[in-house]
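Below: one structure, written as structure tokens.
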Amino acid sequence: MTTALITGASAGIGNAFASQLAARGNDVVLVARDEERLQKLAAELRAQHNIAAEVLAADLTDTGALARVEARLADAARPIDTLVNNAGFGSNGLLHELDVDDETREINLNVVALVRLTHAALGPMVARRAGGILNVSSIAGMQPTPRNATYGATKAFVTSFTQSVHEELRGTGVRATVVCPGFTRTEFQERAGIDSSRLPGFLWQSAGEVAAGALDALERGRAVYVPGTMNRMTAGFVSVLPDSVTRRAAALVIKFSE
Ligand code: NAP
């Protein structure tokens, strides 16, 4: 039996990752702050898929709680085969009007926790010459994102970092993949204080679609996976246009989507 640890499993894309990894026969370790939601999901997954589901309630912006999750990943006696670094949030607004402590928490969750958990998981994985890391970034990381300045920068970090680690792992038997979703129906927008009801339906994907494609991409050993035709087209345009155009276009799209 293989085991997957999923951060941000209590909602959205992380919940979909946990359900699909359990359906694919993995035991799961569920990480997020809301213990009650995690226990409910764990009970459902045990009943539906006959797997073991462990709950590890942790605020990953808290150094002590993060260390507990790192220790779980590094525990060679209970190996983790797949780590999904999914927990993340975005702030919305002009940087000079936002709370700098919230911006710092965003960096601590989206970047610092992701790096520390990747590091903790890789030691035992490389020693066993097996395992996979799936890091959740965003197409927001492909260009500057005015009004989401910190968020886009954290996701640019995640995309770059994961691609570097992917290359470092060549020949080790361990995989690293970064998934870059676009608009996905979850609690993300509500938590960011964004009313996205004006955005047309064709721009959106479900959490289930994103998670399924990302898990397949990890299995195939891909470095980068952008789910959805619209998002792949956006990524293609962004890669050929100058920064002066993409940052202004991003500012318009983000303003419209609020
Ligand atoms: P979501 O529905 O808001 O879920 C976020 C998850 O992260 C929840 O399980 C939440 O659980 C957990 N979380 C938040 N703060 C945490 C903390 N301090 N410590 C531990 N867990 C924490 O959002 P989502 O859309 O599924 O987001 C998942 C990932 O996808 C994020 O990295 C996000 O940046 C990325 N993404 C989302 C979209 C989108 O449009 N939805 C697009 C591109 C990328 P608790 O509240 O229980 O802690």
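The values are calculated or read from the model by the stated rules, or taken from the named source; none is laboratory data. It should be emphasised that the depicted structure is a prediction, and the values quoted were computed from it without experimental measurement. In this analysis, Cβ positions are derived from the backbone assuming ideal geometry, glycine residues included, and neighbour counts consider all displayed protein chains. The area values use the complete protein model at the heavy-atom level, side chains included, leaving out ligands, DNA and RNA. Shrake-Rupley method; radii C 1.70, N 1.55, O 1.52, S 1.80 Å.
Tabulated data for the structure shown
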{"quantity": "For the chain, calculated [θ]222 nm from helices alone, where every DSSP H run of n ≥ 4 adds -39500 (n - 2.57)", "calculated": "-15500 deg cm²/dmol"}
{"quantity": "Relative contact order of the chain, defined on C-alpha pairs under 8 angstrom at six or more residues apart (%)", "calculated": "18"}
{"quantity": "Kirkwood hydrodynamic radius (C-alpha pairs) into Stokes-Einstein, the stretch 142-246, 4 °C and 1.567 mPa s, D in µm²/s", "calculated": "85"}
{"quantity": "Per residue accessible area of the chain, 1.4 Å probe, in Å²", "calculated": "47"}
{"quantity": "Positive minus negative residues near ALA140 (Lys, Arg vs Asp, Glu; Cβ under 13 Å)", "calculated": "+2"}
{"quantity": "Heavy-atom accessible surface of the stretch 124-258: percent carbon and sulfur, 1.4 Å", "calculated": "58"}
{"quantity": "Square roots of 5 times each gyration tensor eigenvalue, C-alpha, the chain, largest first, Å", "calculated": "29, 20, 18"}
{"quantity": "Value of Rg to Rh for the stretch 68-123 (Rh from inverse mean 1/r over Cα pairs, i.e. Kirkwood)", "calculated": "1.14"}
{"quantity": "Cβ-based net charge around PRO181, under 13 Å, with every Lys or Arg adding one and every Asp or Glu removing one", "calculated": "+2"}
{"quantity": "For the stretch 68-214, radius of gyration divided by Kirkwood radius, i.e. Rg to Rh on alpha-carbons", "calculated": "1.00"}
{"quantity": "Low-density loop positions, chymotrypsin sites (Phe, Trp or Tyr not before Pro), the stretch 120-212 - DSSP coil, at most 15 other Cβ in 10 Å", "calculated": "TRP204"}
{"quantity": "Three principal axis lengths of the stretch 4-64 [C-alpha, angstrom, descending]", "calculated": "33, 18, 17"}
{"quantity": "Equivalent ellipsoid semi-axes - Cα gyration tensor, the stretch 1-116, angstrom", "calculated": "27, 16, 11"}
{"quantity": "For q = 0.17, 0.18, 0.19, 0.24 Å⁻¹, Debye-computed log10 I/I(0) when each Cα of the stretch 86-167 counts as one equal scatterer", "calculated": "-0.67, -0.74, -0.80, -1.11"}
